[in-house]
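Bear in mind these aren't lab numbers, they're just calculated from the coordinates by the rules spelled out. Not measured: the values here are computed from a predicted model. Here the Cβ positions follow ideal geometry from the backbone for every residue, glycine too, while neighbour counts run over all protein chains shown.
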Amino acid sequence: MIRVAHIVNPVKVKENSDLFTGQPITFASILNAKQQSKKNEFISLYTTQYQEDRSIIPTGFNILSNLERSVLDVNENLKDKKLPLIGDILAKLKEAQPSDFILFTNMDIALMPHFYDSVFSYLEKGHDALVINRRRLSHTYTTIEELPLMYADLGKSHPGFDCFVFKSDLLEKFIFDDVCVGISFLEATLVHNIFSFAENPLYIPDAHLTFHIGMDVLVPRNNAFYNHNRRCFFDKIEPQLKPFFELKKFPYNSLPLPKRALKWMLNPSLFTRNYLRLEGKNLFQRTKARLDEIRWRILQR
């Protein structure tokens, strides 16, 4: 039976933060989804956090050791926000019980009651990684008691990536550099690693499996933390991943070319230059295959 380790990174925030109301909803939804799952004994919930964040973690989660550094320790130009590094978070699973798959979600991502059973169903079909897009709900929801209403609300789709499932042994191949959580390019880093190293990844854009309180799509980008993650990705991570990119593994690969091109170019976590390069490589490979077939037919005459 498949075993899944779900790790999150809770943070104690002030009342003026969206996470002050959103995070308790996330915790409750995760615990409820595990309880509702027919395979709950194969789901392990974990947290890793800073010492000051431990007090907000509810019963039901296995608390791994505290994080020891943040993005402030790797970039002296950054101030104030003590944001963890994604590589440090996932590395904490070395302390956990062995699992077949790792699941990571942001702390503003809540789960539907059928979430885990749906994940198991996808994995049992042979997929070694999943990227699941969330639904967006209105800010009017603020309490755990409203969870039944949130479950019933289909909300609106969201183009970004914030729920990731992948085989545990892939973690050793992933390249994270010093990318931190809570800032753009975290999602780009994770999905490009997944689509590089997974053999049979599945992109799930519209399923009603996760949700987020708030209708925003793009977050502010004019800040030093965004620039830090962006530089890490384009200068350190992407150059090492490029040799592994294949068009067939990325989202939209099965769509007709015009629609595939449009969706790729509009997605803020995918990049047009990579699409054009991969589309050209794909065209070359198909053209070569057709020419080879013509050669073989001539030789057979």
Exercise. When the label point is put 7 Å from the Cα of residue 73 along its Cα-to-beta-carbon vector, which residues of the stretch 164-190 have a backbone N closer than 16 Å?
Worked result: 177-181
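Any number yet on Rg/Rh for the stretch 4-254, C-alpha, Kirkwood? Write down the numbers at each step before the final one.
Values: Rg = 17.2 Å, Rh = 18.5 Å.
We get a ratio of 0.93 for the stretch 4-254.
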For this session: Working from Cα positions, state the angle (0 to 90°, nearest 10) between the long axis of helix 19-36 and the longest principal axis of the chain.
Result: 70
Exercise. Roughly how many whole Å is it from the C-alpha centroid of the stretch 196-251 to that of the stretch 120-168?
Worked result: 16
Problem set entry | Cut-off of 10 Å, at most 11 other beta carbons, DSSP loop: longest stretch of the chain lacking such GluC sites (Glu not before Pro) | 77-198
Problem set entry | Rounded to whole Hz, the Karplus (6.51, -1.76, 1.60) HN-Hα couplings of the stretch 3-16, x for glycine and proline | 10, 10, 10, 9, 10, 10, 10, x, 9, 7, 10, 7, 5, 7
Exercise. Hey, what's the Cα Rg ratio for the stretch 66-147 versus the globular rule of thumb, 2.2 N^0.38 Å?
Worked result: 1.44
Exercise. Counting Lys and Arg as +1 and Asp and Glu as -1, each charge on the Cβ, what is the dipole of the chain about the Cα centre in debye, to the nearest 20?
Worked result: 1540
Problem set entry | Nitroxide proxy distance, nm - points 7 Å out along Cα→Cβ at residue 199 and residue 173 | 0.9
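If you take the Cα Rg of the stretch 43-113 and divide it by 2.2 N^0.38 Å, with N the number of residues, what do you get? List each step's numbers first, then the result.
Working: Rg = 13.5 Å, N = 71, 2.2 N^0.38 = 11.1 Å.
Taking the Cα Rg and dividing by 2.2 N^0.38 Å, one obtains 1.21.
Would you please put 189-197, 54-62, 175-183, 236-244 in order of how densely packed they are, using the mean number of other Cβ atoms within 10 angstrom per residue and starting with the highest?
Values: 189-197: 23.9, 54-62: 13.0, 175-183: 21.3, 236-244: 14.8.
Highest mean packing first, the order is 189-197, 175-183, 236-244, 54-62.
Which shape class, rounded, prolate or oblate, goes with the stretch 18-156 when its Cα gyration tensor gives a ≥ b ≥ c as root eigenvalues, a/c under 1.5 marks rounded, and past that a/b bigger than b/c marks prolate?
Details: a/c = 1.73, a/b = 1.23, b/c = 1.40.
Oblate is the answer for the stretch 18-156, as a/c is 1.5 or above yet b/c matches or exceeds a/b.
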For this session: Could you check the simple spin-label distance between residue 273 and residue 21, using points 7 Å along Cα→Cβ, in nm with one decimal?
Result: 4.1
Exercise. For helix 186-197, what angle does its Cα long axis make with the longest principal axis of the chain, in degrees from 0 to 90 and rounded to 10?
Worked result: 40
